[in-house]
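Shown next, in C-alpha cells, is the structure this report addresses.
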Amino acid sequence: KTNNLEARGMIYLAVVSLIWAFSFGLIGNALSDVDSFFTATVRLGFATLLFLPFLRAKEIVRIDRLRLVFIGAIQFGVMYACYMQAFQYLPSHLVAIFSILTPVYVVIIHDLRKRTFSSRYLVVALLSVLGAAAIKAKTIPTGDFWIGFGLMQVAGIAFAYGQIAYRDWKQSNPQANDRSVFALLAMGGTICVGIGGFLLSDWSTLEVKPDQWKAILYLGF
C-alpha cells in the first residue's frame, strides 16, 4: 500500500512539474510587458479562489490561521514578487537555471530552524545544483544580470522558508488536512503582492490583452 501511494505521489509530482515547467516560457514571452505585481496578484488570486471551497478555517485556531497567512505571504507573496520581476532582467532560461539553488536554501533553513548541520544533505543539494548548472549554464550576460540573479535568490529563500515553516506547522497539527488550509497560504501571498503592487505599480499604464489573460488564468489555476 505504501509503495502504491509513493508511486501515485511521484506521478502527481511529475504531472505538476510538467505543467509548471511551461510557466517559464509563458511568463518570459506572453507576459513580459505586463506589470509583474499585477500578474502575481491576479495569479495568486485565482489560486485562492480555486482552494476556497476546500477551506475549513473553523477547524484551526485563530493564531494558526494568521500564521498560515503569514507563511503564505512569504512563500508565495515575496517569492512571486521577486520571481516575476526577475523576468524583467533575465531571459526565461536563466530564470529557470537560477531556480535550481532552492534545494540548498531548503537544507540551510531546515538546519537553522532545527539548530543542526546536515552536511550530507547540503552536499547532495550542492551537487544537484552543480550538476544542473553544468548541464544548462551558458555564458554570463552583462547589464542587469546580477539584479535578476539577486531577485531569484530572494525568491528561492522565500519559497524555501515557506516550505520548511509549513512542514513544521503541519507536524504540530497532524490532524489538519493540506487541502482544507491551503487557501490561507494562497490568500497570504495574494495580500502580500497586492500591497506591493498598490505601492509600487503604475496602474495608469496597465494594459492586458486577451491572450495574456488566458496565460494568467493558466498560471493561476
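Out of G197, G156, G188, G148, I need the residue that is in contact with a Phe, Trp or Tyr (Cβ under 8 Å, 6 or more places away or on another chain) and either aromatic (F, W, Y) or at pLDDT below 90 (or both). Which one?
Working: G197 fails: either aromatic (F, W, Y) or at pLDDT below 90 (or both); G156 fails: either aromatic (F, W, Y) or at pLDDT below 90 (or both); G188 fails: either aromatic (F, W, Y) or at pLDDT below 90 (or both).
When all the criteria are applied, what remains is G148.
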Problem - Looking only at the range 73-119, and only at residues there that are outside any helix (DSSP H, G or I) and touching a Phe, Trp or Tyr at 6+ places or on another chain (Cβ under 8 Å), the one that is surrounded by the fewest Cβ atoms within 10 Å (Cβ to Cβ) - result: Y89
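How many of the residues in the range 162-221 are outside any helix (DSSP H, G or I) and within 25 Å of V61 (Cβ to Cβ)?
Here is the first cut: in the range 162-221, the ones outside any helix (DSSP H, G or I) are 173-177, 201-202, 206-209, 221.
Adding the requirement that they be within 25 Å of V61 (Cβ to Cβ) leaves 173-177.
Final tally of qualifying residues: 5.
The values are calculated or read from the model by the stated rules, or taken from the named source; none is laboratory data. These numbers were taken from a predicted model, which means no experiment stands behind them. We place every Cβ from the backbone using ideal geometry, glycine too, and count neighbours over all the protein chains shown.
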